[in-house]
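The values are calculated or read from the model by the stated rules, or taken from the named source; none is laboratory data. The model shown is predicted, which means the values in this text are computed figures rather than measured ones. For neighbour counting, all protein chains shown are included, and Cβ atoms are generated from backbone atoms with ideal geometry for every residue, glycine included.
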Amino acid sequence: MKQRVEISEVGPRDGLQNERRIVSVEDKLHFIALLARAGFGEIEATSFVSPKWVPQLADAEEVLPRAIAAHPSTLFSVLVPNEKGLERALACGARKVSVFTAASEGFTRKNINATIAESIERFVPVVRRAHEAGVSVRGYVSCVVECPYDGPIAPKMVRTACEMLAGIGVDELDLGDTIGVASPDEIARVIEECASVRPVHELVLHLHDTHGRAVDCARRALELGMRRFDGSAAGIGGCPYAPGSRGNVATEALVDLCESVGYSTSIDRNALGEAARFITGALAAP
Ligand code: HMG
Ligand code: MG
């Protein structure tokens, strides 16, 4: 039996949150349907953040319930920055939510208008209430290698942020190279540092691909024992509050990498290609 690698598809959230064009609800749902058909166990569907901050995802209340109803065997996760976001997500039937902070103060301030410590305080009731509702919680740490405002980030700052999130009870930790600048050696140092917080095979790696090194970083992460990655079909994406951030690593490239070195992803590559073509067309349409 081949060893398995889990790839979560984050295109409907991270892929669409930074696009000038606002994709229609129907197109978002069609994109999600094609991704579900490709076999993703988990898809990040949208965000329950302030619609003033991310207007591209202001239709979360329309997208999430319809996605859940149409694809009952897929786990749809959503971003929530605070209790208000969690209540909106729960009202729509969310079974998994993600809180998000960073290893750098500059990005945390620009992205969620808080210090790192304030963000963790804000998440305490979110995690508690989510768990009471039987909802699991991912904790993202952004800027694990470099921050667009504060510059290079020491791996121990990433570990500290992971420890803070683990300390308030998040179920999983996701390490984000938000601006896509990491080299494989830098990613290796971050993984080695964070291995003291959670076993490496439980950590998730969330790569962006500004400098074309994301697949090499993923390869190194696999060698170090990581088995969980986020990808975005067609490599769309980026964060509106991270200047210079480009697309996420393309999910197609991650699937190809994993399969080429002997892991199984259970993703139907042709169906994924169709999803990637569809969303690229929807974003390019006049
Ligand atoms: P704030 O302005 O400080 O918040 O924003 P506030 O509490 O003062 O509220 C201001 C207004 O927003 C109020 O409305 C609130 O009700 C409303 P008003 O009275 O002015 O009409 N509000 C909300 N509305 C809907 N849903 C909510 C919500 N919360 C407040 N949940 C806040 C603070 C956190 C809300 C804001 O900064 C925000 O929404 N930020 C989100 C930014 C974002 O989504 N960034 C991208 C995701 S992170 C990312 O991409 C990185 C990642 O991919 C990993 C990686 O790559 O590294 C995950
Ligand atoms: Mg991202």
For this session: Please specify each residue of the stretch 182-211 satisfying the condition of being away from ligand 2 (no atom under 13 Å from the Cβ), farther than 17 Å from Glu9 by Cα, at pLDDT 95 or above and not in a helix (DSSP H, G or I).
Result: Ser183, Ala195, Ser196, Val197, Arg198, Pro199
Problem set entry | Residue satisfying condition, being within 19 Å of the chain's Cα centre (by Cα), more than 21 Å from Phe100 (Cα to Cα) and either surrounded by 24 or more Cβ atoms within 10 Å (Cβ to Cβ) or within 16 Å of ligand 1 (Cβ to nearest atom) (or both), within set Cys217, Cys239 | Cys217
Problem set entry | Yes/no for Leu173 being part of a helix (DSSP H, G or I) and either at pLDDT 95 or above or under 20 Å from the mean Cα position of the chain (by Cα) (or both) | no
Problem set entry | Meets criteria (touching a residue at least 60 places away in the same chain (Cβ under 8 Å), at negative phi, more than 10 Å from ligand 1 (Cβ to nearest atom) and not in a helix (DSSP H, G or I)) for Val137 | no
Exercise. Quick one: how many residues across the stretch 59-90 are more than 18 Å from the chain's Cα centre (by Cα), more than 20 Å from Asp27 (Cα to Cα) and either among the basic types (Lys, Arg) or within 16 Å of ligand 1 (Cβ to nearest atom) (or both)?
Worked result: 5
Exercise. Do you know which residues across the stretch 211-228 are within 14 Å of Ala253 (Cα to Cα) and charged (D, E, K, R)?
Worked result: Arg213, Asp216, Arg219
Exercise. Only one of Gly41, Gly11 is within 13 Å of ligand 1 (Cβ to nearest atom) and small (Gly, Ala, Ser); which?
Worked result: Gly11
Exercise. Taking the condition within 18 Å of the chain's Cα centre (by Cα), surrounded by fewer than 20 Cβ atoms within 10 Å (Cβ to Cβ), more than 11 Å from ligand 1 (Cβ to nearest atom) and within 26 Å of Gly247 (Cβ to Cβ), does Glu105 pass?
Worked result: no
